[in-house]
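Below: the structure, in structure tokens.
Please treat every number below as a calculation from the coordinates, not as lab data. Source: prediction; values computed, not measured. Note that we place each Cβ from the backbone using ideal geometry, even for glycine, and neighbour counts take in every protein chain shown.
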Amino acid sequence: MAKNGYRILDSDMHIMEPPDLWETYLEPEFRPQAPRGVTSENVRDLRMVHPDGRLWGLPEVHAGNVTQGHNFKKNQGIYGTHAERGWTPEVQLEAMDIEGIDVAVLYPTRGLQALSEANMEPRFAAAVARAYNNWLHDFCAADPARLLGAGMLSPFDVDAAVEEASRCARELGFRGIFMRSNPVNDRNFHDPCYEPLWSALEELHMPLGLHESSSSGVRQVGDQFEPNFMLRRVYAQPVEQMLAMGSMCAGGVLARHPNLRVAFLEANCGWLPWLLWRMDEACEREADVWSPDLAMPPSEYFKRQCFVSVEPDEEPVKYVIDYLGNERIVFSTDYPHGDSKFPHAVESFLELPTISAEDKHKILWDNCAAYYALDRDA
């Protein structure tokens, strides 16, 4: 397709799951417990509820706030016809054509909340992930060359997560997997319990996309701003990603797993130079005690194995490139969420005055292809 001479790979495009996804795709044993999507006048209402009506994976304070703010009318105007047509694969492909996107890797909307409940029963949580992945496989079948899946893994049973990662890679043909960056089981990612999963992802050559949401059913940094959702959204995603990056880069995960690729998605990138500098300084002082696996500064592990996504209009990306170069940044539109710049996301990025055409080529295709190992196919 190539827009203005650029091939474009969306590292983190979203789908809108049908409200009955889990009621339909869960194995019969688990269907009575299935999360159920809320239907409302908001065309991108992402709330789900338990069978008894309690909110699923969200604070109860969010029960009635989905229509607050000027974005409600904006969303109705931009996405109204997409919702009327059921957010089908055909709608997804048309949205990609409008933006000029050649290939997109698909992440969830309701699915971001599906496993953000405290103390989920491990077998049920694993089944929730399997059901989503089966639905996503069917969705991508409409055009498997352009619609690529990122599979969901449950953190509540690492052995089950290893098994599902293998199924995602070998049977479903997905190009990566994702987890919430906000711990839901009171264990940071550098906890030894996750070691079998990181080893499996290395063996499978499957990258890990860490993706946060503005809300969670378990403790999240945004909680302290309730009920001000604006301030919650400002902090929740980037700060939770910073915490996850600490586990991966300074907690020793990447040192122990040199072939694990990790992306920190949909949380801006302008904070990255400061955080890497801060982690390097801390490890210079105390890594011998607290992170003895590190053989080099955390920033070097990031440069070797990690990627971070840029927003379409994020002018501070210039400073990230100045500090790190242009090889560790990927692009995403965030369609069809309320803070997406759709249908002008790609256009907004191409108009950024602070970075070069070479930077844009790398960010729009090359880096993302390297992260998802699409360059091997080419």
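Laid out as a table, the results:
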{"quantity": "Segment E351-L243, length gained on full extension (0.36 nm per residue, minus Cα span)", "calculated": "35.7 nm"}
{"quantity": "Estimated distance in nm for a label pair at R304 and K3, the labels positioned 7 Å out from Cα along Cα-to-Cβ", "calculated": "3.6"}
{"quantity": "Where a label projected 7 Å from the Cα of F225 along Cα→Cβ would reach, residues of the range 150-184 with amide N under 17 Å", "calculated": "182"}
{"quantity": "Ranked list, fewest to most other Cβ atoms within 10 Å of each Cβ, for K360, K318", "calculated": "K318, K360"}
{"quantity": "Overall dimensions of the range 203-281 by Cα: Rg and Dmax, Å", "calculated": "14.0, 44"}
{"quantity": "Phi-based couplings in Hz for the range 200-212 (Karplus 6.51, -1.76, 1.60; Gly and Pro marked x)", "calculated": "5, 5, 4, 5, 7, 6, 9, x, 9, x, 8, 9, 9"}
{"quantity": "The range 142-259 - Rg and Dmax from Cα coordinates, angstrom", "calculated": "15.4, 44"}
{"quantity": "Kirkwood-based Rg to Rh ratio, the range 114-168, C-alpha trace", "calculated": "1.03"}
{"quantity": "Gain upon complete extension [D186, E41; 0.36 nm per residue less C-alpha separation]", "calculated": "48.6 nm"}
{"quantity": "Antiparallel bridges, percent of DSSP beta bridges restricted to the chain (to nearest 5)", "calculated": "15"}
{"quantity": "Length-normalised contact order of the chain in % [C-alpha pairs under 8 Å, at least 6 apart]", "calculated": "18"}
{"quantity": "Selected from P59, P35, P227 as most flexible by GNM, with the chain as the system and alpha-carbon contacts under 10 Å", "calculated": "P227"}
{"quantity": "Cα convex hull volume per residue for the range 272-342 (Å³)", "calculated": "109"}
{"quantity": "Length-normalised contact order of the range 139-245 in % [C-alpha pairs under 8 Å, at least 6 apart]", "calculated": "24"}
{"quantity": "Cα gyration tensor shape of the range 49-202, rounded if a/c is under 1.5, else prolate or oblate by comparing a/b with b/c", "calculated": "oblate"}
{"quantity": "For the chain, fraction of C-alpha pairs farther apart than 32 Å, in %", "calculated": "28"}
{"quantity": "Footprinting exposure proxy for S199, S213 (fewest neighbouring C-beta atoms within 10 Å first)", "calculated": "S199, S213"}
{"quantity": "Ranking of D313, D52 by count of other Cβ atoms within 10 Å, fewest first", "calculated": "D52, D313"}
{"quantity": "Most mobile of R180, R256, R130 in a GNM of the chain (Cα contacts under 10 Å)", "calculated": "R256"}
{"quantity": "26 Å Cα cut-off, lysine pairs counted over the chain (separation 8 or more, or different chains)", "calculated": "15"}
